[in-house]
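Student: Here's a structure for you.
Read-outs throughout are calculated quantities, based only on the coordinates presented, and are distinct from any laboratory measurement. This structure is a prediction, so every number in the text was calculated from the model and none was measured. In this analysis, Cβ positions are derived from the backbone assuming ideal geometry, glycine residues included, and neighbour counts consider all displayed protein chains.
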Amino acid sequence: MIRRLVGGDLAWAAFILGLAVLFGLGQHWTLVRVSFKGELTSYLDKERAARREAKFQGVKTISLAQTYEIFQQGGALFVDARKPEEYAELHISGAIHLDPWKLDMEGPRGLEGVEKTRPIVVYCSQVQCDASLKVAEKLQSLGFSEVAAFLAGFNAWDQAGYPVDTSK
């Protein structure tokens, strides 16, 4: 009797597992198909870009070349939206740190006295990071009018050999 119960339980478990696999494949067939074609990364990049465009449609974004041009002109405030330890290790010269995870609770510490019309460039670590967009959006909601998010991030800046700093 015990063997029959165990055997029956295993059969049901296998049946339920099979249904779950079929259901999962059905729900994510687009990803499965794109993955088999070897195009998953580009597909996910396009999806990420579309999601960002919809979610952060009011945030201006700038390229590496535009960011460096703004840096060379001077006058813009650079805001690092990465983790505090990453900022402490290395950041764009003259940048201040705003922790996106504390911004809602503590407000924009370090921006006291900054004119609302001063150009601000917010960056995080890399293209896949949304922290710069979140911080830029928050700064806009606080009344800062000249805010842009540098999407390529600090990694692209550093690889290009542009000025970096370790001081706080």
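Student: Expressed as a fraction of 2.2 N^0.38 Å, the rule-of-thumb size for a compact globular protein of N residues, what is the C-alpha radius of gyration of the range 48-130?
Tutor: Details: Rg = 13.3 Å, N = 83, 2.2 N^0.38 = 11.8 Å.
Dividing the Cα radius of gyration by 2.2 N^0.38 Å gives 1.13.
Student: Hey, rough spin-label estimate for GLN27 and GLU89, points 7 angstrom out along Cα→Cβ, what's it come to in nanometres?
Tutor: 3.6 nm
Student: Run a plain Debye calculation on the chain (Cα atoms as equal point scatterers, no solvent) and give log10 I(q)/I(0) at q = 0.08 Å⁻¹, rounded to two decimals, same order as the q list.
Tutor: Relative scattering, expressed as log10 I(q)/I(0), comes to -0.38.
Student: How far, in nm, would the chain grow between GLU69 and ARG51 when pulled straight, counting 0.36 nm per residue and subtracting the alpha carbon separation? Numbers along the way, then the final one.
Tutor: Working: separation 18, 0.36 × 18 = 6.48 nm, distance 2.79 nm.
Result for the pair: 3.7 nm of gain on full extension.
Student: Restricting to bridges with both residues inside the chain, how much of the DSSP beta-bridge set is antiparallel, in percent to the nearest 5?
Tutor: Values: 2 of 15 bridges.
The answer is about 15 percent antiparallel.
Student: How far is helix 40-55 tilted, in degrees, relative to the longest principal axis of the Cα atoms in the chain, given as a value from 0 to 90 rounded to the nearest 10?
Tutor: 60 degrees
Student: Pairs of Cα atoms under 8 Å, at least six residues apart: use those to get the relative contact order of the chain, whole percent. Don't jump to the answer; show the numbers that get you there.
Tutor: Working: 203 pairs, mean separation 39.9, N = 168.
Taking the mean separation of contacting Cα pairs over the length of the chain, I get 24 percent.
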